[in-house]
Amino acid sequence: MVTSRATRIFDAISTHVVLGLFALLFVFPVAYALMTSFKTRGEVLTTPPTFFPSQVTLEGYQTLFFGSNGFSRPNLIPYQLPNTFINSFFSSILTIVIAALAGYTFSRYKFRGSHALQLAILGLIMIPGLTNLVPLFRIASDLHVTSTHEFIIAVYTAGGLPFTIWIVKTFFDTIPQEIEEAALIDGCNPFQALRYVLIPLAMPGLAAAFLLMFVDTWNEFLAALVLLGNDRMKTATVGLYDFQSSFETAYHVWAAACIIIMVPVLVIFLLLRKTFFEAMLQGAIKG
Amino acid sequence: MTTAVQVAASSLPQPSRPRRRSNWLPLWFLLPAIVILVALQVVPTLYSFYLSTTTIKPTDTGVTDVEVGLDNYATLLQSQTFRDSLWHTAVYAGSFLVITVALGLMLALLFNRKVRYTGFYLVLIFLPWIISDVVAGTMWRWMFQQTYGIVQVALNPIIGSSLYTSASGAMAIVVAATVWRSLAFTTLLFLSALQTVPTEVLESAAIDGANRFQRFRSVIFPLIRPTFFIVILLTSIRGINSVGLIYSITKGNPGGATQTASFYLLRTGWEQGDFGTGAAVSVILFLINIVLTILYVRYVGAGVE
């Protein structure tokens, strides 16, 4: 770019200042929750409020894990967090597998109605998620599958498929068709071509799609609220919501729960972030 | 590429006989997706359409659905609360859309300057994206709590009143929280589009004397238009459909000031058990989404597949 040295230096500094400010602003609520989680019950209710804990304590975490100070142990750690993991993990895997099959077909086979079908599937994104909650609740009640992992995993999968099929299909489109045609000529069937040729090559895109799906399902609230009635089958977000009645102003316990719920998905994000950013920047989502 | 294929190909099981691509294969590969989408998306939605023309009546054994035609819609459209909630949706989704697109584009342009060591900021800005609405809502509610809220107390000397309990203040809080949650993703979409703009084109435009704004308007924007279209479509739908943050920050308060149509749906259709009215609201929202999509396709996405 034809820019003077002075302009370049000014650009570099202003970029760092603006982005740095945004980053600081964006991290602030999380940092505040982290600090709050190390405060005592008394300190979270002081006026004016403090940012840093005046004395670091694990009281909040202790109450959250074992119950103390008159609070009984919530089901969050022993039941609801594992539930969240099971629901997110299996629905993400299932979604990726089904979306890979569909995305492969849309990317590689030209058949009548293919375009219309893709648009119809993508159009499902427009349905407000709330629309289906009451019908799904009734279906679940009729089939006696409320408060089961299986049903909510199926519901999450259906919810995630339209977007995931789109991403996976777009990613497959970027892989030249000649590559798996060679494998097909060598005699493998389409499933093998997908399994051994396309999927390894599309791994970054699939990992990005997995992360998108995992984050969404980990954080999902409304379907879990409606479809999971049994406290031991609830997910962590619903469990945290219930803190309103059980923990009221014990904000340090809330904060500890916020941090604990965040950590697993943060770890997965940090592990996959390079692949994720690369896949997204390659244009995993485009028109 | 070639090596990857060779490696991949060499690990293949040896075929016993040559196979042909059969025409019915697409069907088998699409079947799982279609079955699950029909069973858990299409059927429930149609069921919801049907429910929107019914109302529940208590019977000896429990409750039953009674068909009432379009009564639910008529009642809704006459209801001041519902019309207010539509207006709140317009304010909430509209400001969310404008702010997210403006800031997302700005941040993407900054990241795209390829100044060194900015990758770290991207990771930090992504932090809110991985947090759930309930966790985020909890954090935001505290920050604006009247007496213990760290942000509210810091703002007191400037504005002097509680944001959380004023109608426009509460709306500002939920909009800000929603922008905070989704800005990173929008930035990433814009950044991915900006990276496809060839540097040579920008350079020649600069040589021709185009300033930054002109370069953006006549070179960059036309090239990122497809992404722009997708971003405003996804952001609008998200703004209209999502309730998680409102549910956990304000619960529609104060006095219904942050009660959007989606929240109204949740309240009547789920909490109050008035399935018919809730379903009618969802049909109305679905129609709004379709109309918006058609408008966007016509006016923004022209030329986009």
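The values are calculated or read from the model by the stated rules, or taken from the named source; none is laboratory data. For clarity, every value in this text was computed on a predicted model and none was experimentally measured. Neighbour counts run over all protein chains shown; Cβ positions are idealised from the backbone, glycine included.
Brief remarks follow.
- Filter result (polar (S, T, N, Q) and either in a helix (DSSP H, G or I) or buried (at least 16 other Cβ atoms within 10 Å of the Cβ) (or both)) within segment B:66-85: B:N72, B:T75, B:Q78, B:Q80, B:T81, B:S85
- Residue within segment B:160-177 that is free of Cβ contacts under 8 Å to residues at least 60 places away in the same chain and farther than 21 Å from B:Y92 by Cα present: yes
- Boolean, B:I290 is without any contact (Cβ under 8 Å) to a residue 12 or more places away in the chain, β-branched (V, I, T) and facing chain A (nearest Cβ under 9 Å): yes
- Odd one out for A:I175, checked against (1) surrounded by fewer than 20 Cβ atoms within 10 Å (Cβ to Cβ); (2) part of a helix (DSSP H, G or I); (3) at the interface with another protein chain (Cβ under 10 Å from one of its Cβ atoms); (4) of a type in the set (A, V, I, L, M): (2)
- Among the helices (runs of 4 or more DSSP H) confined to segment B:204-305, the ones with at least 2 residues that are in contact with a helix residue (DSSP H, G or I) (Cβ under 6 Å, 6 or more places away or on another chain) and surrounded by 18 or more Cβ atoms within 10 Å (Cβ to Cβ) are located at B:221-241, B:244-249, B:261-265, B:275-299.
- Criterion: in contact with a Phe, Trp or Tyr (Cβ under 7 Å, 6 or more places away or on another chain) and without any contact (Cβ under 8 Å) to a residue 40 or more places away in the chain - qualifying residue of B:T147, B:T118, B:T64: B:T118
- Helices (runs of 4 or more DSSP H) wholly inside segment B:107-160 that include at least 2 residues being under 21 Å from A:T235 (Cα atoms) and more than 7 Å from every other protein chain (Cβ to nearest Cβ): B:133-143
- Picking from residues in segment A:163-185 that are closer than 29 Å to A:L124 by Cα and of a type in the set (A, V, I, L, M, F, W, C), the one that is nearest to the chain's Cα centre (by Cα) is A:F163.
- Hey, A:F171 touching a residue at least 24 places away in the same chain (Cβ under 8 Å) and aromatic (F, W, Y) or not: yes
- Note on segment A:178-191: among residues that are assigned to a loop (DSSP other than H, G, I, E, B) and surrounded by fewer than 22 Cβ atoms within 10 Å (Cβ to Cβ), the one that is nearest to the other protein chains (Cβ to nearest Cβ) is A:G187.
- The listed residue being among the β-branched types (V, I, T), touching an Asp or Glu at 6+ places or on another chain (Cβ under 9 Å) and more than 29 Å from A:Q244 (Cβ to Cβ), out of B:V123, B:V101, B:V115, B:V68: B:V115
- If you go through segment A:55-69 and pick out every residue that is part of a helix (DSSP H, G or I) and either without any contact (Cβ under 8 Å) to a residue 24 or more places away in the chain or under 25 Å from the mean Cα position of the chain (by Cα) (or both), you end up with 5.
- Each residue in segment B:131-144 was checked for being of a type in the set (A, V, I, L, M) and touching a residue at least 60 places away in the same chain (Cβ under 8 Å), and 2 pass.
- Only one of the numbered conditions (1) under 16 Å from B:D133 (Cβ atoms); (2) at pLDDT 90 or above is violated by B:Q259, and that is (1).
- Reported count of residues in segment A:137-153, each being without any contact (Cβ under 8 Å) to a residue 12 or more places away in the chain and surrounded by fewer than 19 Cβ atoms within 10 Å (Cβ to Cβ), is 7.
- Residue list for segment A:115-136, restricted to those being more than 8 Å from every other protein chain (Cβ to nearest Cβ), surrounded by 17 or more Cβ atoms within 10 Å (Cβ to Cβ) and modelled with pLDDT under 90: none
- Selection status of B:S161, within 30 Å of B:Y296 (Cα to Cα) and small (G, A, S): no
- Looking across segment B:100-133, just one residue is at pLDDT below 90 and of a type in the set (A, V, I, L, M), and that is B:V115.
- Within segment A:1-54, being buried (at least 17 other Cβ atoms within 10 Å of the Cβ), closer than 27 Å to B:L188 by Cβ and touching a residue at least 24 places away in the same chain (Cβ under 8 Å) holds for A:V30, A:A33.
- Comparison of A:L94, A:L81 shows that the only residue that is assigned to a helix (DSSP H, G or I), facing chain B (nearest Cβ under 10 Å) and within 21 Å of the chain's Cα centre (by Cα) is A:L94.
- The lone criterion from (1) within 29 Å of A:R232 (Cβ to Cβ); (2) among the small types (G, A, S); (3) under 27 Å from the mean Cα position of the chain (by Cα) left unmet by A:G103 is number (1).
- Boolean, B:I232 is closer than 20 Å to B:T186 by Cβ and more than 11 Å from every other protein chain (Cβ to nearest Cβ): yes
- Any hit, segment B:161-178, residues being part of a helix (DSSP H, G or I), over 17 Å from B:T235 (Cα atoms) and either within 9 Å of chain A (Cβ to nearest Cβ) or among the acidic types (D, E) (or both): no
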